[in-house]
Amino acid sequence: MKKLFTVLLVFVCLMCFFGCSEEDTIFSVDDETKNKYSAKINEMLGKEHWNYDEEHISYEKGNIPNEQTVGFEEVKRAVLAGGFEDIDNFKGQNAVCASIGLFYFNNEEAGKAYFYFIDDDMICGYYISNDNIYAISEIDVFSEDIFDGKAEDIDKKNDFYEIDAEKTFDGFDDGFWKKSIVGEVSEDKAKFFKFQNNKFYLQKELDFSKEGLFPMDISFDDEGNIAILLGKKKKTEHDIIYNKEAIQEMKENGLTETEINGTEILASNKIVFFDSEYNSIFNPCQLEVSSYCSIDFEGNSIFLSRGKGIDVFTNSNGVFSKTKQYILKQWAEKIDSADIDGDGVKEFVITDNTNLFLYHLDDVPMLLWKTHLSLKSMSGRFYVEDTNGDGVKEIYVSDNFLRTSVKYVLTDYGFKGFSTTYSDEIIPGDFDGNGKMDYMIIDNDDNNCKIFICK
């Protein structure tokens, strides 16, 4: 995208960004007209879930942008992408320009929006962020634009046949599609389910509790080998031990087990490895840090998240040892990697439990894109798969609070989110192992499960 010169940007912003001259500065809009304009602005921004400073809308006399306007081609593109009529039909005409401070859903600053009115009609609108011009519908734009020409083909559809199925799990941590296996951490065990005869059944269950260890996360590499992050349970609030009489009295006073005994968390301890037949491989990787919470297994490398860092462990003769550390700008509670745009380079998808982030991990971590939601409900699992076969992967995020899913698709300017039907969770995967992506839908209102197999 073309960068606007900062000096020009400041100048044109002071002049109502486009078309306002010095003689136009003495200008007023009556309250009734302001209310009409404000209502139209609110409707437009509300549809896209923007927040804005509605107490400080600035109205100036100006003109609809034309060929003499700096960045006119970018404005034309943004206006059409935002659902407005072609600006060529109005360019240069006298108008009222309304400018407004624009904020994301979580009130992080996004930029400045501009709307042009002729009489009572909103003719066009767009916003400027970091010297670039965007459509109002383009939210969560790229921090670094490296996906040129790789946008999702929303018209591409695959054919599926539908299967009614039992709800075998709420979701899985990772899958190996060549053998139709998914892995899930459940009930203090690592469980592996295989899809066969149009249903999932429990194939293997690994229990490490005799060692005082419990699975925290599961990851398959491209060959189907499995890495399991294990932890030990420890209390976080207090270590006070009460006698039976005191415990009984506290229970009678309404205290919960957690309030009495303290909460327990898993402190990371080691990583164990298995092949796709569940035979132990490699030496267990003993961890010196207890705060790891998620794992991504990439053959000879393991990526472990902790706090604001990702540590890399590399395999040498069957022994994994720490070789690199990346420091991020936010917490990394769950990580996964996938080549989203098919260029041979894997992107790392990360959640801090409130937002979604996309990184390249080169010599230094490069933030490519993020959401601006700050929702605690984003702490559910997420999946990165291509369900329509266009060669570009989508990101599916489970919403823990609403028990629904949001699908993010790659556009030319960022990933755009689409909510699914209320209470439905979408879980993608190549369940039958034929190389085409399938998906299941779990209706959390009645626990119904339907599996859609790509023909």
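The values are calculated or read from the model by the stated rules, or taken from the named source; none is laboratory data. Worth saying up front: this structure is predicted, and the values here are computed from it rather than measured. Ideal geometry is used to build each Cβ from the backbone, glycine not excepted, and the neighbour counts take in all protein chains shown. Accessible surface is based on the protein model in full, side chains and every heavy atom, while ligands, DNA and RNA are left aside. Shrake-Rupley method; radii C 1.70, N 1.55, O 1.52, S 1.80 Å.
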Seminar exercise, completed: With +1 at each Lys and Arg Cβ and -1 at each Asp and Glu Cβ, the charge dipole magnitude of the chain around its Cα centre, to the nearest 20 debye, comes out at 1280
Exercise. Of all the accessible heavy-atom surface of the range 381-455, with the other protein chains kept in place and a 1.4 Å probe, what percent is carbon and sulfur?
Worked result: 48
Problem set entry | Two-decimal ratio, the range 142-296, of alpha-carbon radius of gyration to 2.2 N^0.38 Å | 1.42
Problem set entry | Which listed pairs, of LYS199/LYS233; LYS189/LYS234; LYS191/LYS376; LYS232/LYS308; LYS40/LYS156; LYS91/LYS370, have C-alpha distances above 24 Å, in listed order | LYS199/LYS233; LYS191/LYS376; LYS40/LYS156; LYS91/LYS370
Exercise. So what's the net charge close to ASP432: Lys and Arg +1, Asp and Glu -1, counting the other residues with Cβ under 13 Å from its Cβ?
Worked result: +4
For this session: Compute from the Cα atoms of the range 396-442 the Rg and the Dmax, the latter being the longest Cα-Cα distance, and quote both in angstrom.
Result: 12.2, 34
For this session: Run a plain Debye calculation on the chain (Cα atoms as equal point scatterers, no solvent) and give log10 I(q)/I(0) at q = 0.06, 0.11 Å⁻¹, rounded to two decimals, same order as the q list.
Result: -0.35, -0.95
Seminar exercise, completed: Ordered by number, the trypsin sites (Lys or Arg not before Pro) in the range 143-243 that occupy a DSSP loop and have at most 13 other Cβ atoms within 10 Å are LYS156, LYS157
Exercise. How much of the calculated P(r) for the range 101-198 lies past 20 Å, in percent of all Cα pairs?
Worked result: 67
Problem set entry | Cα-based convex hull volume of the range 342-453 per residue, rounded to whole Å³ | 113
Exercise. Can you give the helix-only mean residue ellipticity at 222 nm for the chain, where every DSSP H stretch with n ≥ 4 adds -39500 (n - 2.57) and the sum goes over all residues, rounded to the nearest 500 deg cm²/dmol?
Worked result: -3000 deg cm²/dmol
Exercise. Taking the Cα centre of the chain as the origin and placing charges on Cβ (Lys, Arg +1; Asp, Glu -1), which of ALA332, GLY149, VAL289 is farthest toward the positive end of the dipole?
Worked result: VAL289
For this session: Could you tell me what fraction of 2.2 N^0.38 Å the Cα radius of gyration of the range 239-341 comes to, as a two-decimal ratio?
Result: 1.54
Seminar exercise, completed: Hydrodynamic radius by Kirkwood for the range 306-345, inverse mean 1/r across distinct Cα pairs, in Å, is 12.2
Seminar exercise, completed: Quick numbers on the range 35-98, Rg and Dmax over C-alpha atoms in Å, give 12.8, 33
Exercise. In square angstrom, what is the accessible area per residue of the chain with a 1.4 angstrom probe?
Worked result: 49
Exercise. Given a 1.4 Å probe and the protein chains all in place, what does the accessible area of CYS293 round to, in Å² to the nearest 10?
Worked result: 40
